[in-house]
There are 2 protein chains.
Amino acid sequence: MSGENGVSVTGKVLALLEVFSHETPALTLTEMSRRTGLSLPTVHRRAAELVAWGALERGQDRRYRVGLRLWELAALSPRGHGIRNIAMPFIQNLYDATKEQHIHLSVRNHLDVVILERLSTPRAPQVISRAGGRFGTFATGSGLVLLAHAPEGVREEYLGSPLPRYTDSTVTDVGLYRSLLAAVRRKGYASSDRMMGPDIHCVGAPIHGPDDSVVAAVSLCFRTGTRSVEEVAPSLRATARGISRALVGHQAG
Amino acid sequence: MSGENGVSVTGKVLALLEVFSHETPALTLTEMSRRTGLSLPTVHRRAAELVAWGALERGQDRRYRVGLRLWELAALSPRGHGIRNIAMPFIQNLYDATKEQHIHLSVRNHLDVVILERLSTPRAPQVISRAGGRFGTFATGSGLVLLAHAPEGVREEYLGSPLPRYTDSTVTDVGLYRSLLAAVRRKGYASSDRMMGPDIHCVGAPIHGPDDSVVAAVSLCFRTGTRSVEEVAPSLRATARGISRALVGHQAG
């Protein structure tokens, strides 16, 4: 069932979707053709079908963008919108009780961290994360939690590749990293102080699924020195436990 | 380029995705085959391709669900996640200032209202809306705003079909409905008092895009009688204006 060039039809349909990114959210047919390597007539026909279905939308500027129907379909993703909707009242409560900080809700996808939600209070320190964004590092508060609780194979694959350095405080020694992750599992929370930015401190806590595995992480990021881990960890862990309990209640589906 | 039964390949790929719904978020291959009318081997092969790409995920229960990668792709939808991310700090502020109510952020898709976000305070009255959900009625606070500002053809198509009645207060007379919509345009907000539920009052305000057209609506729903439109409308309209201004700033992309 493979078409031209041995690419499956599913692959060719998906190829048209995967050229859209945070950097290129709007593309012309010519750009889509160049980026996919598919001929202009093929792209034209497939794009029209995707527009008819609602997966893409065509603007008055003749550029194509990801469509509302795809967003609605994606709202059914248990690991995306699902966890996020269940977690929302809990992180909302945490948000109400805090100031000058970011709250992140994240899941792991193989060697990446995907951010499901970010709530930021006014005057929070600047960070580059965004809901729907993806990080290739685990040096964040959520990342350390997700890596600490990842299957050993995943953990070793990450530690086996060069560890990126962002600041003088970023841990890049594999032995030290292993101790750090062991401490995360022992203490029930992670602390990433200035590991990602010169004045950013993130504390993360694990969210457990119905089978008790860690399925997500919630984190608080604030300006280094404005509060302590000891001050932040209890309410963060309470939030994570609340979400974990709610996930068990929503196990069906 | 049509395959078996004259359905395009894009259509067959999308058919596998559109069987997932709020009611059926997890399906087996057999269920997917029955719902699409595609043969089991075709469904098996296509589902494997969709899993490899991340559009679907297969659970330990052998059921398929919408995958995280589709959620990430959908996060690029300007009319979905895009408006929602820009609006979030504003509706968050509104949430902080209010109690016992729901805040909805919605857009129109032809004759439907799609809910992008719902923030609900504790003890808010029960409503059936949810983020990612879709309504086929415009009798809500957001709906009246979106219909009032829809192109005339869309408005007349809706008013030309039988208008659903939910309560004794639901307006179903076409002439009355037209006056109601004219008032929404004149006043700059909509009020749906007990039109959808016996004790629910929703007030909606329009959000304008960069070209000044109405692209979304924000609404507040509370228990009828607990506050007045006059009390609610000013802060709601201020929120809508704030979001409209932010959308102009994010015009690029």
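Checking each residue in region A:74-107 for being at the interface with chain B (Cβ under 8 Å from one of its Cβ atoms) and among the basic types (K, R) picks out only A:R79. If you filter region B:135-159 down to residues that are more than 14 Å from every other protein chain (Cβ to nearest Cβ) and within 10 Å of the chain's Cα centre (by Cα), you find that the one that is surrounded by the most Cβ atoms within 10 Å (Cβ to Cβ) is B:S142. With respect to the conditions (1) modelled with pLDDT under 85; (2) more than 9 Å from chain A (Cβ to nearest Cβ), B:G132 falls short on a single one, namely (2). Counting only helices (runs of 4 or more DSSP H) wholly contained in region B:33-119, the ones carrying 1 or more residues that are more than 30 Å from B:H208 (Cα to Cα) and touching a strand residue (DSSP E or B) at 6+ places or on another chain (Cβ under 8 Å) occupy B:40-53, B:68-74. When the criteria are applied in full, A:E23 meets the requirement of being closer than 24 Å to A:I115 by Cα, more than 8 Å from chain B (Cβ to nearest Cβ), out of contact with any strand residue (DSSP E or B) (no Cβ under 6 Å at 6 or more places or on another chain) and surrounded by fewer than 21 Cβ atoms within 10 Å (Cβ to Cβ).
Which residues, taken from region B:44-73, are more than 10 Å from chain A (Cβ to nearest Cβ), surrounded by fewer than 24 Cβ atoms within 10 Å (Cβ to Cβ) and either under 22 Å from B:H22 (Cβ atoms) or in contact with a Pro (Cβ under 6 Å, 6 or more places away or on another chain) (or both)?
Correct list: B:V51, B:R58, B:D61, B:R62.
For region A:120-134, which residues satisfy the criterion of being farther than 14 Å from A:G80 by Cβ and either assigned to a strand (DSSP E or B) or within 8 Å of the chain's Cα centre (by Cα) (or both)? Listed by number, the list holds a single entry, A:S120. Between A:S106, A:S129, the distinction of being in contact with a Leu (Cβ under 7 Å, 6 or more places away or on another chain) and either without any contact (Cβ under 8 Å) to a residue 12 or more places away in the chain or of a type in the set (S, T, Y) (or both) belongs to A:S106 only. The set of residues in region B:158-193 being over 21 Å from B:H110 (Cβ atoms) and of a type in the set (K, R) consists of B:R165, B:R186, B:K187. Screening A:R65 on (1) closer than 23 Å to A:F138 by Cβ; (2) not assigned by TED's automatic domain parsing to the domain that holds A:V214 shows it passes everything except condition (1).
The values are calculated or read from the model by the stated rules, or taken from the named source; none is laboratory data. None of these values were measured; they are calculated from a predicted model. All Cβ positions, glycine included, derive from the backbone under ideal geometry; neighbour counts span all protein chains shown.
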